[in-house]
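Heads up, the thing below is written out as structure tokens.
The values are calculated or read from the model by the stated rules, or taken from the named source; none is laboratory data. Since this is a predicted model, take the numbers as computed values, not measurements. Here the Cβ positions follow ideal geometry from the backbone for every residue, glycine too, while neighbour counts run over all protein chains shown. Surface areas here come from the heavy atoms of the whole protein model, side chains and all, with no ligands, DNA or RNA. Shrake-Rupley method; radii C 1.70, N 1.55, O 1.52, S 1.80 Å.
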Amino acid sequence: MTAFLRFRTASPDETRALPPPPPPALSRGGFVGFEGQLGSGKTVAIQGAAEGLGFDGYVTSPSFVIVNEYEGRVPILHVDLYRVADAEELSGIGYREIFFGDGVALVEWADRVPELLPPDRLRVVIDIEGPNDRTFTVSGFGDGGARLLTRLRESWPQDEGGC
Ligand SMILES: Nc1ncnc2c1ncn2[C@@H]1O[C@H](COP(=O)(O)OP(=O)(O)OP(=O)(O)O)[C@@H](O)[C@H]1O
Ligand SMILES: [Mg+2]
């Protein structure tokens with residue numbers, strides 16, 4: 001059974017205001033993959049995380065360059081894989097520096113490249129429930145995954161329990 005955490009937000013501002021996941025998810029070498037259909041709120045959630053990491057600039061989907069870098073307390077690599085077809089395509093463009101580099105990688109459409117994802121990571125799946133309602137389902141992978149979820153339960157009070 002995979003442990004997960006689930007909660008809802010009722011507005012973009014509420015999503016933006018979510019506390020960022022604690023270290024090690026959001027520290028150097030951390031990786032958070034975001035999944036969910038177009039317009040589900042991946043970029044909005046990353047805006048909130050980047051702000052929580054001390055970046056106060058403009059966060060927008062890096063659709064055409066694949067990665068934007070922001071300077072927060074740690075380097076933030078905001079990646080959008082929407083236009084990447086598969087792992088083979090991404091392998092050809094030096095993704096290792098981004099996924100396994102010196103910053104925290106916040107990756108939209110991470111499910112495009114399941115074979116390439118770091119073993120230690122956080123997965124955030126966003127479902128659209130209504131015009132302003134979103135359900136977040138968060139799970140952790142790797143050794144630190146369970147520990148991370150315990151800490152997330154403390155910082156995200158909307159938790160509905162998960163299992
Ligand atoms: N509770 C909510 N949380 C986040 N966004 C919301 C919420 N309710 C409504 N929205 C709206 O949903 C849209 C989410 O857009 P966003 O660009 O973050 O999606 P995305 O998942 O990154 O899409 P894409 O796959 O195109 O990159 C915005 O227009 C936002 O205002
Ligand atoms: Mg986006």
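Here the chain is treated with +1 on each Lys and Arg Cβ and -1 on each Asp and Glu Cβ, and its dipole about the Cα centre works out to around 320 debye. Axis of helix 42-52 versus longest Cα principal axis of the chain: the two differ by about 80°, to the nearest ten degrees. Farthest toward the positive end of the dipole of the stretch 111-159, out of I126, L149, V113, is the Cα of L149, where the dipole comes from beta carbon charges about the Cα centre. In the complete set of protein chains, residue-level accessible area for L38 is approximately 110 Å², probe 1.4 angstrom.
The phi-based Karplus calculation (6.51 cos²θ - 1.76 cosθ + 1.60; θ = phi - 60°) puts the 3J(HN,Hα) values of the stretch 87-96 at 4, 4, 5, 5, 4, x, 10, x, 5, 4 Hz, whole numbers, x for Gly and Pro. A protection proxy built from the mean count of other Cβ atoms within 10 Å ranks the segments 143-149, 82-88, most packed first, as 143-149, 82-88. Here the stretch 1-49 is described by how far its Cα atoms reach on the three principal axes: 28, 28, 19 Å, from widest to narrowest.
The smallest convex shape that holds all Cα atoms of the chain, its convex hull, gives 107 Å³ per residue. Distant-in-sequence amide contacts of E108, defined by a placed amide H-H separation under 5 Å and a gap of 5 or more residues or a different chain, comprise F34, V79, D80, L81.
Of the accessible area of the stretch 8-163, computed with a 1.4 Å probe over protein heavy atoms only, carbon and sulfur atoms account for 51 percent. Per residue, the accessible area of the stretch 1-137 comes to 48 Å², computed with a 1.4 Å probe over protein heavy atoms only. Could you tell me which of G52, G39, G92 has its Cα farthest along the dipole of the stretch 5-155 towards the positive end, charges placed at Cβ (Lys, Arg +1; Asp, Glu -1), taken about the Cα centre? Working it through, the farthest residue towards the positive pole turns out to be G52. Efficiency by 1/(1 + (r/R0)^6): what FRET value for E71 and D111, r their Cβ-Cβ distance, R0 = 35 Å, to the nearest 0.05? After rounding, the FRET efficiency stands at 0.80. Computed from Cα positions, the angle between helix 145-155 and the longest principal axis of the chain comes to roughly 50 degrees.
Run the paramagnetic zone check for E129: 7 angstrom along Cα to Cβ, then residues of the stretch 3-41 with backbone nitrogen under 13 Å. From the stretch 3-41, the list is 6-11, 15. Between L38 and F4, the simple label model (points 7 Å from Cα in the Cβ direction) yields a spacing of 2.4 nm.
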